[in-house]
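The structure under discussion appears below in the form of structure tokens.
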Amino acid sequence: MEITDHTGAPTPYIVEMRSITKRFPGVLANDHVDFELKRGEIHALLGENGAGKSTLMNILAGLYHQDGGSILVKGQSVNFSSPRDAIKAGIGMVHQHFMLVPSQTVTENILLGLENPRFLMRLNQYDSKIAALGERFGLIVDPKAKIWQLSVGEQQRVEILKMIYRGAEVLIMDEPTAVLAPQEIDGLFKILRAMAADGKSIIFISHKLQEVTAISDTVTVLRRGKVTARSLPALNVTRQELAKLMVGRDVSFTAVKAFKEPGKVVLDIKNLKTDNDKGLAALRDFSLDIRSGEIVGVAGVAGNGQRELAQVITGLRRCTGGQVFLNGTKVENHEPIFGIDRGISYIPEDRTQVGTAPNLSVTDNIIMKRYRFTPISKGSVINIKAATKMANDLKISYEISVPNVETPVRLLSGGNLQKVILAREISGKPSLMVAVQPTRGLDVGAIEGVHRLLLEQRQAGAAILLISEELEELLSLCDRVFVIYEGCTMGEIKIHNQETSQKMIEQIGMMMTGTPLDQIDLGAEEHV
Amino acid sequence: MEAIIVILQAGIANGTVLLFATLGEIFAERSGVMNLGVEGMMLLGAMSAYSVTIATGNPWLGLLVAMLVSGLLSQIHAYITITLKADQVVSGLALTFLGTGISLVLGEGLSKAGAVSLVPVYSVPLLSAIPILGKIFFTDQSVLVYFGFILAPLAWFYINRTRPGMHLRAVGEYPSAADALGINIFAMRYAYVFLGGMLAGLAGGTISLAISPGWFSEMTTGGQGWIAVGLVIFAQWDPFKAMFGAYIFGALNRVILDIQLPKVILGIANPFFYHTYLGFFLQMIPYAFTILVLVIGSHEANRKRMGAPAALGIPYVRGERGL
């Protein structure tokens, strides 16, 4: 079918967004943004966190309404007041946080909100229909399975199916690779290509450059709510160019790691077992060791026990078996203060709930682990002067950009908040740092800073446990990487001088999806 | 044997009251709204049903008005918790006091009204002839008891096998997913809180017009609304298990009364007969059990394990992450 514009002249675009402006209190999220999408293309929308990508796409998907500008779909002006309107116009969005009901089946989730069936749910009929639709695009998933039984990759397929079932011709994928293991990413890319070949148009929101160059036909870059590059052909653009468009300055991609001879063993975890909040096994048999001057990574798909591992080490969760030794002392199943006093510092995944007290000032948050000691306190009285001085000193040395140290930390950006946490944790001269997703949600510049600080601590002789879902981050920072799957150690990969290979990545990917290292035969895998 | 049949027969009748209230609360909680105002709504229902029946002589009209009035009362809770997004526990407790207060003021003098026409009692032909079971379930029971037999399976079927039921479950489990697909979370929650109120009103009317007819101020419901709230957790939000639990508690209530009657029990002097104050201890038992269930149910991990709706108690705000 040919698309025509309002004058009847043919236009190659299935979606055109013209001069979109969206304002949130205190922020201009989209400033006269133009965006257009051709039928059958994979169009990457690139930008740092807070650049306005998600806002723009939430407008297109009907979740927000623009303050200014217009949207044309197939040449027709549209005005969406809800996601339902957008889906009717053929635009579906797959959110980063899946919008699936865990206790319902795949089919139920796909049928949710539809007119048909009207009253009785004869699910069997629909199961086969959905299975057939999935096969067309390689979206293989069991329609009878409950969502909570599915892997993250499968859940993503359900989300895509949900949109296709509704007749979506334009699919907006919001950071779809953030939650996937490497092999799953390959699988997703195959699906996206199959859909594009079938005439669907795909918008791929991302801040990861290598993915953008790998999958997309066209790239649009946003920076601070403005378009810095519009519909660039992806073929003849380099990562460096894209990074500059995205950040506005040159960016160094890999942190440079100096040589450091590892010292004695600082952290030794043996056969650790613990339960999660639901009382189910989270760690089944996890072992790992870190020497001083080493960064050791834990790779794995989210929810395989990483969170519980960090909590057991820091004393926030009791373990049901195994031991944790810190410099030879057993530290498991003690109060958190026991570990803190023995040199454990913690960069938690959740900055606003665990890492800081949002309504307290920068000063209060900085002295949180120090207030029991002189000069911050004397007896039971806090020396405000000394506390403020310490906060101000750290504000300068960690380049925390905040008007003054009395500001409540809830007003800080993600990057600055992380700097406050790092300042507090590092200034205690830790012998062990436990860092969980320390760069999640930060922009490229802030990520560089966090990486630099971690490497400095390594040089200073700290043992660092880095739990991350960003494989690239692990490979560039770590000396060794352990892979966790369903609470078990799958294997260990050593990295010398930041030299990584495709084989290494494949091995890690296989382990992340449940194959122990000693069972991986990459030669045989080629033929499958 | 005969005594056990009588106890069970009464248990089914008493349990019907709990069943209606529990089913109503299951609907509300499945949509994500906990309404601790059941007791207040029931009392208002009992009072309305009774007074309308006195005025018109028509118990069916009494029940209808009771359902509407309690449904309306529940909308105060709906507005406070859904629109204003206030704490559901606090609002629900306030609703109980509000419902109780209104009922006691408007119900003043009702207890002296004399005989009113009640919901008819009926024995089902054929079924009542079945030995033992026929006697327990289908002989000389109120029409409302039979309605309870039908209502619980219907509720189960509605929740698990129909499109609106699927939407209801989605709204209580993961409202933002439902919202993204165009389901109106707010309208759904208002509607199911209303349904919960109507069923609580029906439960109240069932007391005053069928099971233990009359108006005895706050003793009319005597805290059964709280047992219903506990039963929802005990039943794991499942209408069939609610039926089971309601009848057990109904029978328990009867046993507690019966145990105080004989002078000699199991060959010894019955302490509950000679010391009437000990009866209060017996009457406390269902409530102690309710507290126990609530304590177990308020533990986060237990709730997840028992299958509580994941969004229960959490006001829905569009655009916020997570639930």
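FYI, it's all coordinate maths here, none of it is from the lab. In this text, all values refer to a predicted model and were calculated from it rather than measured experimentally. Heads up, the Cβs are rebuilt from the backbone with ideal geometry, glycines too, and the neighbour counts pull from every protein chain shown.
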(request) Using only atoms on other chains, find how many Cβ atoms lie within 10 Å of each Cβ of peptide B:174-186 and report the average. (result) 6
(message) Can you give me the convex hull volume of the Cα atoms of chain A, divided per residue and expressed in Å³?
(response) 174 Å³
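What number does segment B:101-184 give for Rg over Rh if you use C-alpha atoms and the Kirkwood radius?
1.23
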(message) To make sure I understand the rule: partners must be lysines, Cα under 19 Å from the Cα of A:K278, and not fewer than 8 residues away in the same chain. Which ones qualify?
(response) A:K146, B:K304
(request) Kindly write out, for segment B:212-220 in residue order, the coupling ³J(HN,Hα) from the Karplus curve 6.51 cos²θ - 1.76 cosθ + 1.60 (θ = phi - 60°), rounded to whole Hz, with x marking Gly and Pro. (result) 10, x, x, 10, 10, 6, 5, 6, 4
(request) Two decimals is fine: what is log10 I(q)/I(0) at q = 0.09, 0.19, 0.20 Å⁻¹ for segment A:139-279, from a Debye sum with one equal scatterer on every Cα and no solvent? (result) -0.45, -1.14, -1.22
(request) Report Rg (one decimal) and Dmax (nearest whole number) for segment B:229-323, counting Cα atoms only, units Å. (result) 19.3, 68
(message) I'd like the FRET efficiency for A:T374 and A:A178, computed as 1/(1 + (r/R0)^6) with the beta carbon distance as r and R0 of 45 Å, rounded to 0.05.
(response) 0.50
(request) Take peptide A:109-119, look around each residue's Cβ out to 10 angstrom, count Cβ atoms belonging to other protein chains, and average those counts. (result) 5
(request) Just order A:65-75, B:228-238 by mean Cβ neighbour count inside 10 Å, highest at the front, would you? (result) B:228-238, A:65-75
(message) Around A:K88, under 15 Å between beta carbons, what's the net of Lys plus Arg minus Asp minus Glu among the other residues?
(response) +1
(request) Determine, at each q value in 0.12, 0.18 (inverse angstroms), the log₁₀ of I(q)/I(0) that the Debye formula gives when each Cα of segment B:7-149 is one equal point scatterer. (result) -0.59, -1.06
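Under 13 Å from the Cβ of B:Y50, count the other residues' Cβ atoms, weight Lys and Arg +1, Asp and Glu -1, and hand me the total. Before the final figure, lay out the partial values.
Numbers: positive: B:K112; negative: B:E108.
Taking every other residue near B:Y50 into account, the sum is 0.
Could you tally the net charge around A:S468, taking each other residue with its Cβ under 12 Å from the Cβ of A:S468, Lys/Arg +1 and Asp/Glu -1?
-4
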(request) Could you point to the residue in B:W215, B:T83, A:T439 farthest towards the positive end of the protein assembly as shown's charge dipole, with +1 and -1 charges on the Cβ of Lys/Arg and Asp/Glu respectively? (result) B:W215
(message) Going by amide H atoms built from the backbone, whose H comes under 5 Å of the H on A:I347, apart from near neighbours?
(response) A:V434, A:A435, A:V436
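In whole angstrom, how long is each semi-axis of the equivalent ellipsoid of segment A:270-402, when you take the square root of 5 times every eigenvalue of its Cα gyration tensor and sort them from largest down? Let's see the in-between values first.
Details: eigenvalues 200, 57, 44 Å².
One finds semi-axes of 32, 17, 15 Å for segment A:270-402.
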(request) Please give the peptides A:496-508, B:33-45 ranked by average Cβ packing (other Cβ atoms within 10 Å per residue), highest first, as a rough proxy for protection. (result) B:33-45, A:496-508
(message) Kirkwood Rh over alpha-carbon pairs of chain B, then Stokes-Einstein at 25 °C and 0.890 mPa s: what D in µm² s⁻¹, rounded to an integer?
(response) 121 µm²/s
(message) Limiting things to C-alpha atoms, what are the Rg and the maximum Cα-Cα separation (Dmax) for segment A:97-167, in angstroms?
(response) 11.0, 31
(request) Can you tell me which of B:140-147, A:216-223, A:332-339 comes out highest on packing, and rank the rest after it, using the mean Cβ neighbours within 10 Å? (result) A:216-223, B:140-147, A:332-339
(message) Just checking the output field for A:85-94: average partner chain Cβ neighbours within 10 Å of each residue's Cβ?
(response) 1
(message) Loop only by DSSP, 14 or fewer other Cβ within 10 Å of the Cβ. Give me the chymotrypsin sites (Phe, Trp or Tyr not before Pro) in segment A:81-161 that pass, ordered by residue number.
(response) A:F119
(request) Could you let me know the centre-to-centre spacing of segment A:177-248 and segment A:398-461, using Cα atoms, in angstrom? (result) 29 Å
(message) Counting each pair of different Cα atoms once, what's the Kirkwood radius of segment B:118-161 in Å, rounded to one decimal?
(response) 11.3 Å
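Can you give the Kirkwood hydrodynamic radius for segment A:356-428, in Å, rounded to one decimal and based on Cα pairs?
On the way: mean 1/r = 0.0836 Å⁻¹.
Every distinct Cα pair counted, the radius reaches 12.0 Å.
Could you give the C-alpha radius of gyration of segment B:20-99 expressed as a fraction of 2.2 N^0.38 Å, taking N as the number of residues it contains? Display every interim value, and only then the final one.
Details: Rg = 13.2 Å, N = 80, 2.2 N^0.38 = 11.6 Å.
Normalised Rg, Cα atoms only: 1.13.
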